[in-house]
Amino acid sequence: MSPPAFQRAERVGRDLRYRLSFLFPADFVLLIFITCGSGDGAIALAYQGSEVQPDMLVLGRYSVGVGDRFAHQARAQLRAFLLAAGQGVEVVPVWNKSNREHITIGSEPASVRAAAEAAVRELGWSRSWHVDADHIRLETVDRFVPHSDFFTIDVADFIGRAPAEADLAAFIKRHGELAGRIQIPGIDQTIELSRAEVECMAGKYLFAVQEAGRIYRQLEKAKGAGRFITEISMDETDHPQTPPELLVILAAIADAGIPVQTIAPKFTGRFNKGVDYVGDARQFETEFNADLAVIAYAISQYKLPANLKLSVHSGSDKFSIYPAIRRSLTRTGAGLHIKTAGTTWLEEVIGLAEAGGNGLTLAKEIYTEALGHLDELCAPYAAVIDIRPKKLPTRETVQGWTSKQYVNALRHDPACPEFNPHLRQLLHVGYKIAAKMGDRYLKLLEECEPTIARNVTGNLYDRHIKPLFVDRPSQ
Ligand SMILES: [Zn+2]
């Protein structure tokens with residue numbers, strides 16, 4: 001590699017942007033933009049093929065998706081990112097909300113940006129942040145367009161649909177390199193796929209990627225190329241994608257011309273809402289490392305954006321796999337996006353219960369109502385929860401609880417004997433109950449603000465950001 005050549009530096013408003021370009025022996029150029037000061041990111045990496053697209057909106061290396069169902073916790077959440085910054089670790093906040101959440105709550109996409117903007121202003125956050133239109137589809141994307149700069153294109157429902165025969169044949173012809181032995185740096189075993197296997201994988205995923213392409217192009221038309229971050233998600237499906245499948249998917253994404261920056265596959269094991277990972281943590285680590293290696297390989301092989309990284313959906317509270325993730329990120333230098341939406345809503349309930357008085361009374365009422373609507377609340381989330389109704393406390397039991405008993409049952413402390421993952425999952429999907437309470441709920445959020453905010457910040461920083469991005473990796 002030739003030494004980096006300092007290309008030019010220019011002031012864009014308050015930003016001093018250094019553009020360095022490294023010339024590789026091949027015909028591509030790696031651009032590293034180091035943006036100082038305020039604005040759109042401290043360190044941004046963008047890779048393009050022979051064409052240079054210098055002003056692409058780029059997601060930083062570490063980012064955390066946060067959900068704020070009732071638009072009251074953005075400040076408390078942002079404080080967790082400030083704590084990380086205080087430790088010298090840049091983690092980018094991304095406020096995400098799906099169409100499903102907006103419909104359940106009765107909120108509008110504009111409210112997510114407004115709440116985030118207010119928090120950014122009040123706390124003087126000068127680094128980058130984004131608003132993610134989570135799990136959008138062709139028919140739901142439009143109303144998010146003016147308010148989001150990050151789009152999670154969800155094509156899980158299109159997996160398994162047959163692509164046009166000619167498209168499949170063209171893919172197989174173009175990607176002769178996928179059949180045979182592929183040695184991927186970072187994976188011990190050689191990947192070996194027959195032509196028939198490649199055809200089978202492409203048959204399963206090509207149509208879904210083409211659908212992502214249709215949504216991407218609609219966005220590109222509406223917002224302009226490079227003005228938004230693209231994620232593709234395939235996590236809400238029954239079968240995990242293997243690392244070789246991920247490689248085929250990435251080849252198809254490159255063909256479709258989608259500048260994907262994050263990809264959310266379905267991993268092995270269960271990623272239930274609000275509780276720990278269920279599965280073999282060692283197997284997860286092997287798969288996670290293989291996925292990282294496949295991504296690094298696909299970036300150079302198919303000229304995908306250099307900052308392309310994994311996105312872990314339902315990633316909050318997966319404490320048992322965080323050490324493995326931390327080790328992998330440290331070893332490889334890879335980035336990560338992790339979505340933690342519902343964990344903040346549960347901290348609101350914890351904060352209400354901890355405040356006692358009216359807060360505790362309301363927290364009990366939320367549980368009682370959730371218990372009464374168990375089936376209805378669980379149905380949309382059936383694939384991502386495991387609740388054993390027999391393990392749920394009765395409404396009478398909960399009515400008799402003190403603040404401490406309620407908090408201990410709900411707070412995600414696996415070492416606490418009173419912790420009840422069934423109650424936690426039920427309340428996780430029970431936000432509809434609070435939405436129905438309307439102003440009564442919002443008023444108490446404001447009354448109990450100090451206790452709630454402390455729990456929201458502490459949960460996000462101590463239990464999520466710190467073990468994933470700040471702590472020294474364990475061996
Ligand atoms: Zn998801």
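Here are some notes:
- Contact order, relative form, for the chain: 15 percent (alpha carbon pairs under 8 Å, 6 or more residues apart, mean separation divided by residue count).
- Pairwise Cα separations in region 344-458 fall into 5 Å bins from 0 onward with the following percentages, short to long: 2, 13, 24, 26, 21, 11, 3, 0.
- Charge sum, other residues only, whose C-beta stays under 15 Å from Ile295's C-beta, Lys/Arg counted +1 and Asp/Glu -1: 0
- Overall form of region 112-173 per C-alpha gyration tensor (a/c, 1.5; a/b vs b/c): prolate
- Taking Cβ atoms as reference points and 9 Å as the exclusive limit, the residues near Val112 contribute a net charge of -1, counting Lys and Arg as +1 and Asp and Glu as -1.
- Proximal lysines relative to Lys436, as straight alpha-carbon distance under 28 Å, when same-chain residues fewer than 8 apart are discounted: Lys97, Lys273, Lys339, Lys364, Lys390, Lys391, Lys404
- Over the residues of the chain, the helix contribution to mean residue ellipticity at 222 nm works out to -13500 deg cm²/dmol, using -39500 (n - 2.57) for each DSSP H run of at least 4.
- Simple spin-label estimate for Asp142 and Asp157 in nanometres, 7 Å along Cα-Cβ: 1.7
- Ascending count of other beta-carbon atoms within 10 Å, so fewest first, for Trp401, Trp345: Trp401, Trp345
- Alpha-carbon Debye profile of the chain, log10 I(q)/I(0) at 0.06, 0.08 Å⁻¹: -0.27, -0.48
- As a calculated quantity, the FRET efficiency between Glu396 and Asp375 at R0 = 22 Å, using C-beta atoms, amounts to about 0.60.
- Net length gained if the chain between Lys436 and Glu108 were fully extended (0.36 nm per residue, minus Cα distance): 116.5 nm
- With both labels modelled 7 Å from their Cα along Cα-to-Cβ, the Arg227 to Ala164 distance reads 2.9 nm.
- Extension gain for Arg388-Val278 works out to 38.1 nm (0.36 nm per residue, less the C-alpha to C-alpha distance).
- Centre-to-centre separation between the Cα atoms of region 98-115 and those of region 399-475: 21 Å.
- Once the chain from Gln475 to Glu192 is taken as fully extended at 0.36 nm per residue, the excess over their C-alpha distance is 98.8 nm.
- Residues Ser107, Ser194, Ser128 arranged by fewest to most Cβ contacts within 10 Å: Ser194, Ser107, Ser128
- Here is the P(r) of region 309-389: all C-alpha pair distances, binned every 10 Å from 0, give 15, 32, 30, 17, 6 in whole percents.
- In plain terms, the residue of Ile350, Ile187, Ile215 with the fewest other Cβ atoms within 10 Å comes first and the most crowded comes last, giving Ile187, Ile215, Ile350.
- Global form of region 75-182, assessed from the alpha-carbon gyration tensor, a/c cut-off 1.5: oblate
Readers should treat all values here as calculations from the given coordinates under stated rules, not as data from a laboratory. Model, not experiment: these values are computed from the prediction. Backbone-built Cβ (ideal geometry, glycine too); neighbour counts: all protein chains shown.
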